[in-house]
Amino acid sequence: MKFSLNWLKDYLETEASLEEILVKLNAIGLEVDSVTNPADALAPFTVAEVLSAEKHPDADKLKVCRVSDGSEEMQIVCGAPNARAGIKVVLGRPGDYVPGLDVTLKKAKIRGVASNGMMCSAKELELGDDHDGIIELPADAPVGLSYVEYAGADNPVIDIEITPNRQDCLGVYGIARDLAAAGLGTLKALNVPKVDGSFDSDVLVSIDLDDDHASACTQFLGRKVTGVKNGPSPQWLQDRLKEIGQRPISALVDITNYITHDLGRPLHVYDAGKLTGNLLVRMADEGETFTALDDKNYTATGEECVIADDAGIQGFGGVIGGLETACDEATTDVVLEAALFDPVRTAFTGRDHGLITDARYRFERGVDPLFIRDGMEIASQMILDLCGGEASRVFEAGADTVWDRTVPFRSERVMTLGGVDLAASESIAILEKLGFTVEGDDPYTVSVPSWRCDIVGEPDLVEEILRIHGYDNIPSVALPATNHKAGTTLSPRQKRARTTKRRLASVGMHEAVTWSFMKREQALLFGGGGDDLVVSNPISSELDCMRPSILPNLMQAAQRNKDRGANGVALFEVGPVYLDDTEKGQLLVAAGLRAGVSERHWQRPSAAVSVFDAKRDALAALEAAGAPVGNVQVFTESADHYHPGRSGSLRLGPKNILAVFGELHPKTLKAMDVDAPMVGFEVYLDRIPAKRGKSAAKSALFVSKLQSVERDFAFLMDADKPAANLIRAVKGADKDHIVGVNVFDVYAGKGVPEGQTSIAVSVSLEPKGETFSDKDIEAISTRIIAAAEKAVGAVLRA
Amino acid sequence: MQDQISSLRSIIEDEVGAANDLAALEAVRVATLGKKGSVSGLMKGLGGMSPDERKTMGPLLNALKGEVATLIAARKAVLEDAALDARLKTERLDITLPVLDHPSGSVHPISQVMDEIAEIFAGLGFDVAEGPDLESDFHNFTALNIPPEHPARQDHDTFYLAPDANGDRKVLRTHTSPVQIRTMMSKEPPIRIIAPGRTYRSDSDATHTPMFHQVEGLVIDKDTHLGHLKGTLEAFLKAFFEVDAVTLRLRPSYFPFTEPSMEVDVQCSFDGGMVKIGDGNDWLEILGSGMVNTKVLEACDLDPTVYQGFAFGCGIDRLAMLKYGMNDLRAFFDADLNWLRHYGFRALDLPTIAGGLSR
């Protein structure tokens, strides 16, 4: 909402400075967005007089002028056809910035003649489009006066943001009323003329709405004005509209725009000569079309409230008028409309048709229902004043709104809700200044003025009182302490996410945060892309589906990094993936990706990332998240986006998949248009079982004092059998004594039969009771060898 | 005999001194103190002496034996040192060579700031609550007093999922406020929570991205008022920006889910393109807040004549940008390693009340 300081002062008698007004606007909730003052750009320019103008010796179209600014004379070369002796002009001197040219003036020589300034055109000063000649001021303009002062151009334009509840401030008058209530001056009474119509209009209106739609339009006032002349509106009106960025169109249209911004009262004028029969307020028929003032065709859905004549729709009520009955320069007879439209329907009509208009903006927020007759009178008088003609008596349909809203008010609520200890009398005084009336004893009965349809309850009144009293006067109070237990702020799930992030960062991976959505085509590659997860209105087709996995985003990110020259990329993200659109379908996943080849280094050969890196990362993440990694089983089954022979899953029991990991499938890499090698993992943090027991104490530590023993075994087994089975068998061969099994060599090739692998393990044995004898160890070894053979057909390597 | 001893001593002294390596020294030891050695030979002779002679010669020979042993040991230490020095000379490595770094990754500033916020509010007795990203219209709008026709809906630039069989369509939550609703519907007051998380709006420029992060705060009990809100926000911002004092400017505003509502600006300065919080002549809008609207309480089945409280919502990414000096929000989500290394945090930079919130 824009308005100029002068416009505000039409209604607000005040001595306050601009700065004070701005501070107060912010303080009462009318947030100042920007302030611009045309005077700032015009400040250096002065009223001057051309003393003489002679033809330039070397140029036919230039003149050499002697110009006086009252204190000194200077020579200026000027090309304007109207530059001549005796006229008053607007002078710019060397050093002055000319906004319309984006140039700072300098002393110059033009075709050999010195020129020490410039006489400006309207366009050069951004005062208009005229650049056929320099500005000629009236003969009585005082030479030497600053142009800003002469033209009264010191008129800052203030742009404020109006929150959706403050329709009453969508007119300058309402803003003045609020500032006056806040103690910044006196509100001038609004002058409402009484226009006596001299005849009955031949055009009438009726409202034809059934009970279900009766609220769409509850009142319609019309007035015919005949014999008007619709030319350009007077300069003051054009200036007002231009100040706030509106384009003057014609007197009739400018009048309705002016009243919309001045008083927050939208109106419409029809060219009566273009109307066919009477006006009818009704619901649109589905499929009905009309051309609106914006020159676009609209097809009604049937939910719009329209103003129609016998020829069809002439406007969407409260939103926009029709082109066919629009006023133009030839218009002589008009019908003026002031009506009341339902906020909800107006909002939907505007939204359904993508129409944002000043009228919709106000109606959907709820205009003052009792101001309709005053609005009609003020607009009628203005038309008569500016366009002439003769007014009819008002014709109407519907009824005046009954406005009797009251809200009960306990004065203590200013303290108990608002935190400000304010005497009841002060609260009441504030409400009364805002136009409320207060009756009875505490709790009071507060009558709400018709322009404040947003006030519905006691908290609204508290806000009004605080707003005017000043939010800055709310004292700061600390929240009382609670019996909040340390360490319970985060849920176990949140703690898991937190430690997992820090663990993965500590193994050299960088945390990324990537979009929750991705391209549907690619989501399909990762088991997603379901209809229920498609975004209907994506910001781009690349982001049209909720992600089923974090990996594709990380793969693309890794590729971007690679393209920028990085090698050995390691990224992770802990965030949501979506299996369906339900709450349970959103899983918290820690995913990581390693790509490329490690940097060359003299201490070790560079190596491509491998599935074992991903497995290691996954285990680190699981361990950090509190999973019982000792019990986790490795399965060779994973997910389709991984290499079938180089991927796996980590599970607790056969069904609970805690993590999948592996080399990305070559087809997935290709479809994603990224380079091999890439390995990744996905850990499902939600599936990790909760920690059992609440005690912080750990179980007692048992350390055997007896010497533990290590024995090595080298087994030969079929290469396609999982080593995990061998390890499990060895571990299980004597649970009482075997405390660790470590694979220290894996070999296939010369010396090992085709199709077999040699796996060497070192087994840690810990004695219970007494030290091992050779016999004891012999017995355990025999059990180990037997178990290995039974489980995977492994034989001890000779 | 005594002459013999003293001449032997001087001979042995010479031999020990002449032994240039450990093998030669060992030979001297065998030749003197060994079973058939010269000193051992003299010791053997003690048995054939008279008691008087033995009394005189015994201590002398024992002294000789001890002196020789000491001489050899001393020489041995010298030779060993020399041998070690010689070996060490051959073992030099160029320790100026660069080593492999221990792997060090980074934690994203958003995670870091979320941890900081949780830490501050933990001290004020708040829990951290969560809710789903894919929300029902009810939780995201209606229960928050934003009916379908409400002008505020247009400001939200909402992403929608395709409608289901019943015509209902989920939204990508436009704010973290639905977590308020979920909390109030599932938990009896008193309530103190913050709810950080991902939020979505269809918007994109240097300070807007289609996905961003917010943190919601909610306090519900019987007597919390606007003064508590102001006190809480001051405490939070002071702790977060690690300044001794913050000056807040509260501006009346409008949110459908709070009444009274206010926007909160913090005093700051913009010197040399960097924002400094705490003093200066400028104001920076930092969050929206207010007393929970009675209609919202009613939607959650809480009696508004009994319960009241405040709520606030704040952009986490924006807080991160202000505190750590990033100027383009889009880079947060680009996963560029240069950016992550520069703006990210070390794994061990865990914010704590005791150790400070920033690195």
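Each other residue within a Cβ distance under 9 Å of A:Lys519 adds +1 if Lys or Arg and -1 if Asp or Glu, for a net charge of -2.
In order along the stretch A:92-104, phi translates into HN-Hα couplings of x, 10, x, x, 7, 9, 9, x, x, 9, 6, 9, 9 Hz, rounded to whole numbers, per the Karplus curve 6.51 cos²θ - 1.76 cosθ + 1.60 with θ = phi - 60° and x for Gly and Pro. For the stretch A:406-469, the Kirkwood hydrodynamic radius from C-alpha pairs, put into Stokes-Einstein at 20 °C and a viscosity of 1.002 mPa s, yields a diffusion coefficient of 189 µm² per second.
Computed over all pairs of different Cα atoms, the Kirkwood value for the hydrodynamic radius of the stretch B:109-343 is 18.4 Å.
The protection proxy used here, the mean number of other Cβ atoms lying within 10 Å of each residue, ranks peptides A:786-794, A:769-777 as follows, highest first: A:786-794, A:769-777. The chymotrypsin sites (Phe, Trp or Tyr not before Pro) found in the stretch A:619-720 that occupy coil by DSSP, while having at most 11 further C-beta atoms within 10 Å, are A:Phe702.
Dividing the C-alpha radius of gyration of chain A by 2.2 N^0.38 Å, with N its residue count, gives 1.49. How large is the convex hull of the C-alpha atoms of the stretch B:288-346 per residue, in Å³? So the per-residue Cα hull volume is 142 Å³.
For the segment B:97-104, counting C-beta atoms of other chains within 10 Å of every residue's C-beta and taking the mean gives 4. Taking θ as phi - 60° and the Karplus parameters 6.51, -1.76 and 1.60, the scalar couplings of the stretch B:296-310 work out to 5, 4, 4, 4, 9, 6, 9, 6, x, 7, 9, 9, 7, x, 10 Hz in sequence order, x denoting glycine and proline. Computed on the stretch A:59-116, with alpha-carbon pairs under 8 angstrom and 6+ residues apart, the relative contact order is 29 percent. Using a cutoff of 8 angstrom between alpha carbon atoms and counting only pairs six or more residues apart, the relative contact order for the stretch B:2-90 works out to 33 percent.
Neighbouring Cβ atoms from other chains, within 10 Å of the Cβ of residues in A:484-492, number 4 on average. Taking the Cβ of B:Lys35 as the center, what net charge do the other residues with Cβ under 15 Å away carry, scoring Lys and Arg +1 and Asp and Glu -1? My count for the surroundings of B:Lys35 gives +3. Take each peptide in B:56-62, A:747-753, count the other Cβ atoms within 10 Å of every residue, and average; sorted highest first, the result is B:56-62, A:747-753.
Over all residues in A:343-354, what is the mean tally of Cβ atoms on other chains that come within 10 Å of each residue's Cβ? Mean shielding by partner chains, rounded to a whole number: 2. Mind checking which of B:Ser269, B:Ser253, B:Ser186 has the largest fluctuation in a GNM of chain B, springs on alpha carbons under 10 Å? Residue with maximal mean-square fluctuation among B:Ser269, B:Ser253, B:Ser186: B:Ser186.
In the stretch A:40-151, taking the dipole from charged Cβ atoms about the Cα centre, the farthest positive-side position among A:Ala122, A:Val143, A:Cys78 is held by A:Cys78. As a length-normalised measure over Cα pairs under 8 Å and 6 or more apart, the relative contact order of chain A settles at 8 percent. Protection proxy ranking, highest mean first, for peptides A:424-430, A:336-342, B:350-356: A:336-342, A:424-430, B:350-356, where packing is the per-residue count of other beta-carbon atoms within 10 Å, averaged. For the residue pairs A:Lys562/A:Lys721; A:Lys519/A:Lys584; A:Lys694/B:Lys230; A:Lys694/A:Lys735; A:Lys61/A:Lys106; A:Lys584/A:Lys721, the alpha carbons lie more than 31 Å apart in A:Lys562/A:Lys721; A:Lys694/B:Lys230; A:Lys584/A:Lys721.
Suppose every Lys and Arg Cβ carries +1 and every Asp and Glu Cβ carries -1, with no other charges. What dipole size does the stretch A:492-687 come out with about its Cα centre, to the nearest 20 debye?
820
Other residues lying with their Cβ under 10 Å from the Cβ of A:Gly592 contribute a combined charge of -4, Lys and Arg counting +1, Asp and Glu -1.
Counting only residues at least eight positions apart within a chain, or on another chain, the lysines with an alpha carbon under 22 Å from that of B:Lys89 are B:Lys76. Working note: Karplus 6.51/-1.76/1.60 with θ = phi - 60° gives the stretch A:634-646 the couplings 9, 10, 7, 7, 10, 9, 5, 7, 9, 4, x, x, 10 Hz, where Gly and Pro are set to x.
Any read-out appearing in this document is the output of simple, stated calculations on the displayed coordinates, not a laboratory observation. It should be emphasised that the depicted structure is a prediction, and the values quoted were computed from it without experimental measurement. All Cβ positions, even for glycine, are placed from backbone atoms using ideal geometry, and neighbour counts span all protein chains on display.
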